[in-house]
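Trainee: Quick one: structure below, then a few questions.
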Amino acid sequence: MSERFITPDSDPALLKKLQITEEMKRDMVLQVQHVSGGYYKRALMKKNRTYKEVIHDVSFEIRRGEILGLVGESGTGKTTLAKMLLGMMEPEEGRIIHYTRRPQVVFQDPYTSLNPAYDVEWNIEEPLRIFGKYSEKERKERVREMLRRVELTEDHLKAMPDELSGGQRQRVSIAAALIRRPRLVIADEPVSALDVTIQAQILKLLRELRAELDLSYLFVSHDLNVVYQLCDSVMVMKRGRIVEQGPVEEVFEHPKEAYTKQLLEAN
Amino acid sequence: MKGLFARFFRNKDTSSDGGDARGYLIVGLILFGLFLLMAVVGLFYTPHSHTAMNAAAKFQPPSLTHPFGTDNFGRDIFSRVMKGSSTTLIIAVATVAIGAAAGTLIGALTGYFGGIVDDILMRVGDALTAFPSLLMALVIIGIVGPGKYNVVLALGIVFIPSFARIMRTAYASLRYVNYITSARLMGATNGRILFRHMLPNTMHVLLPAVTIGFNNAVLAEASMSFLGIGVTPPDASLGYMLSEAQSMLVRAPWYALCTGMVIVLLVFGVGLIGEGLQRSGREVG
């Protein structure tokens, strides 16, 4: 683990150096401090490769139980930021501090987020099998419990993903993401591939699960309506920078930045 | 393995296209099943001894006692075809097994990890496929000598690059799919990702390739044995028997006809299975 990506499992000396107080551990889920990052273009020689920065000096935090929305047009670096938070990409500068277990992710496209070769039960159970600390019986029990929480029935256990609707698939994806009891869920446009009524159901489900399972979300979306319905606070991203952030009502009703106004009008 | 074949044989009401695929599969499986029956029974039992000579019954045309007739030594051709079928089957299956297993492993590693190893292995593969495959096999046989197991070795090696190439493509296309990204994020080991998460999703490519490879193996073995660089007596494969039949084409045409027909029906049947698998694979995804 690097010094830029801190988890509770990081080197204790390092954690001490960061002066993390008990209070912070209790209240915080994630802190992002002055993070910049981007992509290297591969070249024959390492010194010849070119670097393109996508994220510029981004800072924010997510408190326990908070739903933070991240909005911005496509190509603005939302997904890149999500990748960095998940540890799939290393920040070039700054620091990401996770106060809880590994965050889990729910993807936009429910058609590619489940392994089509296996049934629903296998797909939900797999994260537990990988974790390896539970007996077969415990795993099956937890799968059934999670299935109830996402409002599916045991009839769905043996269904193959291609027999389910988009909304049902997204429920299964959510169950698979939550089965290891993460505290933070990064949701990358989780409802934008669904039609409006199904969207509303999934949003309601996400809200209920937050209360039941003590979750926080980073909710990435380009749909301001959805963000307004679901999120507590919001940040607006433009070309890799956070241009405005604050409580959802404040930002949406009294936008300060021209860009935010533009986004609001476009929706 | 659960899930491995699920997508092909699942009960599912589909469009007319689905029935189409099933038709191919059924006819193909019947033809292949008959061959398999003959070959497997041939391992333990033949109506006559496949080597017993009978001077009184030379060059007999097909009859009830000798359904495929007899050859110049009075040996029962049907019994010889049964024995030959088992030899051919064993060689083809072993060859494809070597090619598919090694090819899948190489394809999985190169397709998933990419990088310099990928570049090197694929160029080596290109170089190997640049030779006609029979010629490649000839070279290997030239080094290790003829015989049943050496034919398997030679053809197996020759078949690796084509399997590696298609499996590489299949794996590369799955590399950034969401469920694979998820598995990686959950901390799944590379082995688990490659073989539990990805392999079942390459079956729509691998299974048709196996059937095509099987047919190529049957034909390649037949050509090699026909040319006298394949199996050696006392083993007799269908190809070896064809080269025997050639010398008595006029006095005993049934020898060549019956033997050839078995090869043709086998290749046709397996080809149908491959086509059926390909169609049903396309349908599911």
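The values are calculated or read from the model by the stated rules, or taken from the named source; none is laboratory data. These numbers come from a predicted model, not from an experiment. Here Cβ is always computed from backbone atoms with ideal geometry, including for glycine, and neighbour counts include all displayed protein chains.
Trainee: Across the stretch A:126-141, what is the number of residues that are surrounded by 23 or more Cβ atoms within 10 Å (Cβ to Cβ) and touching an Asp or Glu at 6+ places or on another chain (Cβ under 9 Å)?
Mentor: 0
Trainee: Go through the stretch A:170-188 and give me each residue that's without any contact (Cβ under 8 Å) to a residue 60 or more places away in the chain and more than 13 Å from B:Ser182 (Cβ to Cβ).
Mentor: Listed by number, the list holds a single entry, A:Arg171.
Trainee: While we're on this one: Please determine whether any residue of the stretch A:2-23 is of a type in the set (D, E, K, R) and surrounded by 15 or more Cβ atoms within 10 Å (Cβ to Cβ). Outline the logic, then answer.
Mentor: From the stretch A:2-23, those of a type in the set (D, E, K, R) are A:3-4, A:9, A:11, A:16-17, A:22-23; that's our starting set.
Of the ones still in play, those that are also surrounded by 15 or more Cβ atoms within 10 Å (Cβ to Cβ) are A:4.
Within the stretch A:2-23 (the criterion being of a type in the set (D, E, K, R) and surrounded by 15 or more Cβ atoms within 10 Å (Cβ to Cβ)), the answer is yes, since at least one residue qualifies.
Trainee: Here's something else I'd like to know. When B:His50 is evaluated against the numbered criteria (1) out of contact with any strand residue (DSSP E or B) (no Cβ under 8 Å at 6 or more places or on another chain); (2) under 17 Å from B:Gly239 (Cα atoms), which criterion, by number, is the only one it fails?
Mentor: (1)
Trainee: Let me ask something else about it. Looking at B:Ala108, is it more than 14 Å from every other protein chain (Cβ to nearest Cβ), more than 22 Å from the chain's Cα centre (by Cα), within 23 Å of B:Asn201 (Cα to Cα) and not polar (S, T, N, Q)?
Mentor: Values: more than 14 Å from every other protein chain (Cβ to nearest Cβ): yes; more than 22 Å from the chain's Cα centre (by Cα): no; within 23 Å of B:Asn201 (Cα to Cα): yes; not polar (S, T, N, Q): yes.
Judged against the criteria, B:Ala108 is not a match.
Trainee: Can you name every residue in the stretch A:171-198 that is modelled with pLDDT of 90 or more and farther than 18 Å from A:Glu212 by Cβ?
Mentor: A:Ile186
Trainee: Can you find a residue in the stretch B:179-189 that is among the polar types (S, T, N, Q), within 31 Å of the chain's Cα centre (by Cα) and modelled with pLDDT of 90 or more? Step through it out loud before you land on a result.
Mentor: Going residue by residue through the stretch B:179-189, those that are among the polar types (S, T, N, Q) are B:181-182, B:189.
Filter once more, keeping what is within 31 Å of the chain's Cα centre (by Cα): none.
So far as the stretch B:179-189 goes, no, none of its residues is among the polar types (S, T, N, Q), within 31 Å of the chain's Cα centre (by Cα) and modelled with pLDDT of 90 or more.
Trainee: Which one of B:Val158, B:Val124, B:Val139, B:Val117 is within 20 Å of the chain's Cα centre (by Cα), in a helix (DSSP H, G or I) and not small (Gly, Ala, Ser)?
Mentor: None of the others qualify; the one that does is B:Val158.
Trainee: Return the pairs, sorted by first residue and then second, in which the second residue is in a helix (DSSP H, G or I) and among the aromatic types (Phe, Trp, Tyr), the first residue lies in the stretch B:170-190 and is at the interface with chain A (Cβ under 8 Å from one of its Cβ atoms), the beta carbons are less than 8 Å apart, and the residues are 6+ apart or on different chains.
Mentor: B:Met186/A:Phe131; B:Gly187/A:Phe131
Trainee: Would you mind stating whether A:Met45 is more than 25 Å from A:Val251 (Cβ to Cβ) and touching a helix residue (DSSP H, G or I) at 6+ places or on another chain (Cβ under 7 Å)?
Mentor: Values: more than 25 Å from A:Val251 (Cβ to Cβ): yes; touching a helix residue (DSSP H, G or I) at 6+ places or on another chain (Cβ under 7 Å): no.
Criteria not met by A:Met45.
Trainee: Tell me which of these B:Tyr112 doesn't satisfy, since it passes every other one: (1) within 30 Å of B:Met38 (Cβ to Cβ); (2) modelled with pLDDT of 90 or more; (3) of a type in the set (Phe, Trp, Tyr).
Mentor: If we test B:Tyr112 against (1) within 30 Å of B:Met38 (Cβ to Cβ); (2) modelled with pLDDT of 90 or more; (3) of a type in the set (Phe, Trp, Tyr), just (1) comes out false.
Trainee: Mind checking which residues of the stretch B:221-232 are surrounded by fewer than 24 Cβ atoms within 10 Å (Cβ to Cβ) and modelled with pLDDT of 85 or more?
Mentor: Within the stretch B:221-232, B:Ser223 is the sole residue that qualifies.
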